[in-house]
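What follows is a short report on a single structure.
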Amino acid sequence: MKFQAIIFDLDGVICFTDEYHYRAWKAMADEMGIPFDRTINNRLRGVSRMASLDIILEQYHGPALSDEKKAALAQQKNDLYRESLREMSTADLSQEVRETLDGLREMGLKLAIGSSSKNTPFILGQIGLKDFFDAVSDGNNITRSKPDPEVFLKAAAMLGIAPEHCLVVEDAVSGAEAGHAGGMKVACLGDAAQHQAGDWNMESIRELLSIVKA
Ligand code: B16
Ligand code: MG
C-alpha cells in the first residue's frame, strides 16, 4: 500500500463547521462595519483564529485597535461559533465520511486529525469521534498556523510514522501547502480541490479508498 497513515483536516473535511465560522465572523464584521464576504472567507480556511482576524481587519480603516480589543473581537466570534457547535450531534457526521473512515481503518491505515482549530476536542466529542483517531494534533499544540507544516508533522510524530508515508486530506489551499511543506502527499476537497492544490483533487471523500489502494 502507498501510505501507512492518513491525516485529516477537520473543518471542511470531516465536518462542515466552515459555515458556522463564516456566520460568526460575518456577525462580528457587520457589527464593526467591516466588509466581509465568502471570497474573503475562503482565505480563512485552515488559518488560526487570530490570523483570520488580521485578514478580516485588512478591510478595517477606523482608529487603531489595541491587542486587548482584537482579543475581545476574536473571543466574541468564538463565543458565537461555539453556540453553533453546541447544536451539533452525531447526525452531523455524514454516512459518507463514516463509511470512508471505517473503510480506511479496515485497510490497516492509521488515522489522525491535523486541524488548526482549538475547538477540535469539543467538535470531535459532538460528532461522536472523541476516541476514534489514533492521534489528534490541533490548534492547542501548535505555535505556527497552516501553511506551516507543524500541525501535520506533529500528527505524524504522534503516530510514529515518517511524513513520506502519510497522506494529508485538506479543503484549504493553506492546508495543502502545509502538507506539501511537510513532505507529504495531499488529497484535496472543496475549495482546495477547485484550486487544484492537491496531488489528487476529489469530488467526494470516498475517492480516498481507491487513492490509497492504487
Ligand atoms: P478555532 P481546520 C480551522 O480548522 C478553520 O478552517 C479555520 O477557519 C479556523 O480559523 C481555524 O481552524 C481555527 O479555529 O477558532 O476553532 O481555533 O480547517 O484546520 O480543521
Ligand atoms: Mg479545513
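The values are calculated or read from the model by the stated rules, or taken from the named source; none is laboratory data. Nothing here was measured: the structure is a model prediction, and the numbers come from that model. So basically every Cβ, Gly included, is an ideal-geometry build from the backbone, and we count neighbours across all protein chains shown. We work out accessible area using only protein heavy atoms, side chains counted, and drop any ligands, DNA or RNA first. Shrake-Rupley method; radii C 1.70, N 1.55, O 1.52, S 1.80 Å.
If you take the residues of the range 136-150 that are in contact with a Lys or Arg (Cβ under 8 Å, 6 or more places away or on another chain) and of a type outside the set (Gly, Ala, Ser), which of them is most open to solvent (accessible area, probe 1.4 Å)? Out of the qualifying residues, it is Asn140. With the condition kept exactly as written, say whether any residue in the range 128-145 is without any contact (Cβ under 8 Å) to a residue 60 or more places away in the chain and at positive phi. The answer is yes; a qualifying residue exists. Restricting Arg38, Arg82, Arg49 to residues that are without any contact (Cβ under 8 Å) to a residue 40 or more places away in the chain and open to solvent by 30 Å² or more (accessible area, probe 1.4 Å) narrows the list to Arg38.
Considering every residue within the range 79-93, establish whether at least one is more than 19 Å from Asp18 (Cα to Cα) and in a helix (DSSP H, G or I). No - not one qualifying residue is present in the range 79-93.
Screening Tyr60 with (1) within 16 Å of ligand 2 (Cβ to nearest atom); (2) aromatic (Phe, Trp, Tyr); (3) more than 21 Å from the chain's Cα centre (by Cα) gives one miss only, at (1). For the range 152-163, does any single residue satisfy the condition of being within 14 Å of ligand 1 (Cβ to nearest atom) and either under 20 Å from Met50 (Cα atoms) or crowded, with 21+ Cβ neighbours inside 10 Å (or both)? So far as the range 152-163 goes, yes, one or more of its residues are within 14 Å of ligand 1 (Cβ to nearest atom) and either under 20 Å from Met50 (Cα atoms) or crowded, with 21+ Cβ neighbours inside 10 Å (or both).
Before we move on, is Ala5 touching a strand residue (DSSP E or B) at 6+ places or on another chain (Cβ under 7 Å), away from ligand 2 (no atom under 16 Å from the Cβ) and open to solvent by less than 50 Å² (accessible area, probe 1.4 Å)? In short, yes.
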